[in-house]
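Here's the structure, in structure tokens; my notes come after.
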Amino acid sequence: IEAIIPSSVKVMSVRQGAPLGLGHAVLCAKPLIGNEPFAVLLPDVLVYNAQSSDFPNNDLKIMITQFEKAGHAQIMVEEVPNDLVDQYGIVDVEKAPLEGESIQMQGIVEKPAVGTAPSNLSVIGRYILPASIMELLEKTPKGAGNEIQLTDAIAMLQKEEAVDAYRMHGKTFDCGSKLGYLKAVLHYG
């Protein structure tokens, strides 16, 4: 792995001692983050970005630029079928942003029941967050699945500052499932 990483990149790792949720996993990295904003990229979600003249940069780079420009946390979202909203964190926005754009979120809810979701824009495993989220994660009680949910801490962050939903341009593959992994292999093949 070190052979393919640019020399300017330093790789550090932490272990989550017990499976207590994504929020807990992010909190485990607090000693490495310090007071800097950071990105969270879930490894089981593969994001494919076909670059074009309309989108010369990948979604993550655009999210970082949006964070630097607006100063707001950025949460990557994509549209999912309405009957699948109960499988994802879903954002509440006044109107759906266009691909490659961000809009301020009004709320976020973890795995809402079908028919109760505020939209069909699901959180897909890419986040640009301020360091202040760590303090909120420390105060976040266990939520869905009896785990510390990053979604719950983001909802708390929204009470203090704006959080934006960034609508991705690319395509995602859920490599945490066998079918999703197979679809990714076929697509890249």
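The values are calculated or read from the model by the stated rules, or taken from the named source; none is laboratory data. Because the structure is predicted, anything quoted here is derived from the model rather than measured. Counting neighbours? That spans all protein chains shown, and the Cβs are built from the backbone with ideal geometry, glycine included. These accessible areas exclude ligands, DNA and RNA; they are computed on the full protein's heavy atoms, side chains included. Shrake-Rupley method; radii C 1.70, N 1.55, O 1.52, S 1.80 Å.
Details
- Single match in V77, V85, V47, V26 (criterion: open to solvent by less than 60 Å² (accessible area, probe 1.4 Å), more than 15 Å from the chain's Cα centre (by Cα), under 25 Å from A117 (Cβ atoms) and of a type in the set (A, V, I, L, M)): V85
- Just one of the listed residues (Y88, Y48) is touching a helix residue (DSSP H, G or I) at 6+ places or on another chain (Cβ under 9 Å) and at pLDDT below 90, namely Y48.
- Considering residues of the range 168-189 that are of a type in the set (G, A, S) and open to solvent by less than 80 Å² (accessible area, probe 1.4 Å) only, the residue nearest to V47 (Cα to Cα): G170
- From the options I90, I103, I33, residue that is out of contact with any Lys or Arg (no Cβ under 9 Å at 6 or more places or on another chain) and of a type in the set (A, V, I, L, M, F, W, C): I33
- From the list G107, G189, the one residue that fits, being small (G, A, S) and without any contact (Cβ under 8 Å) to a residue 40 or more places away in the chain, is G189.
- The residue list Q106, Q74 contains one member that is more than 19 Å from P37 (Cβ to Cβ), out of contact with any Gly (no Cβ under 6 Å at 6 or more places or on another chain) and among the polar types (S, T, N, Q), which is Q106.
- Residue satisfying all of: in the range 141-187; basic (K, R) and at pLDDT 90 or above; farthest from E101 (Cα to Cα) among these: K178
- Verdict on A162 being in contact (Cβ under 8 Å) with a residue 24 or more places away in the chain and surrounded by fewer than 18 Cβ atoms within 10 Å (Cβ to Cβ): yes
- Number of the condition not met by R15 [criteria: (1) part of a loop (DSSP other than H, G, I, E, B); (2) within 23 Å of S177 (Cβ to Cβ); (3) of a type outside the set (A, V, I, L, M)]: (2)
- The listed residues are G100, G125, and the only one of them that is among the small types (G, A, S), surrounded by 15 or more Cβ atoms within 10 Å (Cβ to Cβ), in contact (Cβ under 8 Å) with a residue 60 or more places away in the chain and closer than 24 Å to L32 by Cβ turns out to be G125.
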